[in-house]
1. So which pairs qualify, if the first residue must be in segment 154-166 and crowded, with 21+ Cβ neighbours inside 10 Å, the second must be charged (D, E, K, R), the Cβ gap must be under 8 Å, and the two must be at least 6 apart or on different chains?
2. Among the listed residues V136, V88, identify the single one that is within 26 Å of E38 (Cβ to Cβ) and among the β-branched types (V, I, T).
3. What's the number of the only condition in (1) among the aromatic types (F, W, Y); (2) in a strand (DSSP E or B); (3) at pLDDT below 95 that F109 fails to meet?
4. Just give me the residues in segment 54-102 being of a type in the set (G, A, S), part of a strand (DSSP E or B) and closer than 27 Å to P175 by Cβ, in sequence order.
5. Would you confirm whether or not segment 152-168 contains a residue that is more than 19 Å from V33 (Cα to Cα) and not in a loop (DSSP other than H, G, I, E, B)?
6. Please verify whether K110 is among the basic types (K, R) and within 22 Å of M60 (Cβ to Cβ), treating the condition exactly as stated.
7. If you take the residues of segment 93-106 that are charged (D, E, K, R) and within 14 Å of A119 (Cβ to Cβ), which of them is surrounded by the fewest Cβ atoms within 10 Å (Cβ to Cβ)?
8. Could you list, in sequence order, the residues of segment 58-82 that are loosely packed, with under 14 Cβ neighbours inside 10 Å and within 16 Å of I256 (Cα to Cα)?
Amino acid sequence: MRIGTGILSGLLATLLACAALFLPNTLRADQVVVRHTEGLAHGFLMLQTLGGKTIADGQMIQVAQGDRVKQHLTFRFKDGSIYEQTTVFSQRGRFRLLSDHVVQKGPSFKFPIETSINASTGQVTICYTEDGKTKVLNERLELPPDIANGMIFTLIKHIQPNVPRTTVSILAATPKPRLVKLAIIPQGNEPFSIGNFQHKAMHYVVKVEIGGVTGLLAALFGKQPPDSDIWGLEGEAPAFVKYEGPLYMGGPIWRIQLASAGIF
């Protein structure tokens with residue numbers, strides 16, 4: 001028996017109406033507590049496909065002055081593409097984003113885009129190219145205190161692994177800015193080695209939670225963003241180990257991990 005499109009539309013409308021009643025517009029999120037003071041750091045990274053092919057070389061530079069921390073993440077792709085992200089945040093008791101600036105351009109990305117977030121004022125600027133034309137979006141949004149753009153690699157070192165779920169906010173540019181939630185869920189320790197040294201890293205799954213009717217539609221039509229995986233070393237000096245997930249919203253699944261130094 002074939003169901004008419006009118007009946008299907010009616011059923012979908014009813015489903016969405018019910019969802020609007022029961023799904024909240026926002027999901028609860030958390031500001032992560034500072035467990036270790038962030039300081040001076042300089043790390044070298046490589047960006048790979050899941051098949052192990054290196055497509056970009058990267059580095060993360062971090063400097064701190066008091067409770068103010070500035071991070072600069074750069075990837076230089078083999079095809080000439082560039083990804084740069086500069087993030088400034090405070091670490092006074094709990095982490096709080098101050099600003100975030102991202103530039104991505106080149107053939108490795110679906111379209112060039114530059115985003116700027118001033119978390120103090122809520123000013124968001126997005127510059128992108130569509131059909132060969134440059135477009136600029138300027139919006140002032142009410143940003144939550146737990147917004148964590150550019151901070152996930154830092155936060156993973158401070159999340160309590162015995163907490164079953166930690167949720168933070170992310171502003172996604174699609175290119176229109178939209179707040180979503182990231183649920184960070186511990187999966188247990190997994191062994192890894194560096195040379196003759198054996199270690200264990202806590203594995204976290206990161207789930208994007210869109211929420212509301214839009215989230216329901218994403219699930220219904222297969223548009224739900226994929227989960228990401230991230231591993232962090234625990235102990236006296238916690239550290240980022242590896243990440244597998246998209247570098248940008250809607251992007252392919254790539255792997256970010258520490259690079260090994262070549263011979264001088």
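The values are calculated or read from the model by the stated rules, or taken from the named source; none is laboratory data. Predicted model only: the values in this text are computed from it and were never measured. Neighbour counts are summed over all protein chains in view; Cβ atoms, including those assigned to glycine, are modelled from backbone coordinates with ideal geometry.
1. T154/E38; T166/D30
2. Result: V88 is the single residue among V136, V88 that is within 26 Å of E38 (Cβ to Cβ) and among the β-branched types (V, I, T).
3. Checking F109 against (1) among the aromatic types (F, W, Y); (2) in a strand (DSSP E or B); (3) at pLDDT below 95, the one that fails is (2).
4. A56, G58, S99
5. no
6. Taking the combined requirement at face value, the residue does not satisfy it.
7. Going through segment 93-106, the residues charged (D, E, K, R) turn out to be 94, 96, 100, 105.
Okay, now just the ones that are also within 14 Å of A119 (Cβ to Cβ), so 94, 96, 100.
Details: R94: 14, R96: 20, D100: 23.
The residue in question is R94.
8. K78, the sole residue that qualifies.
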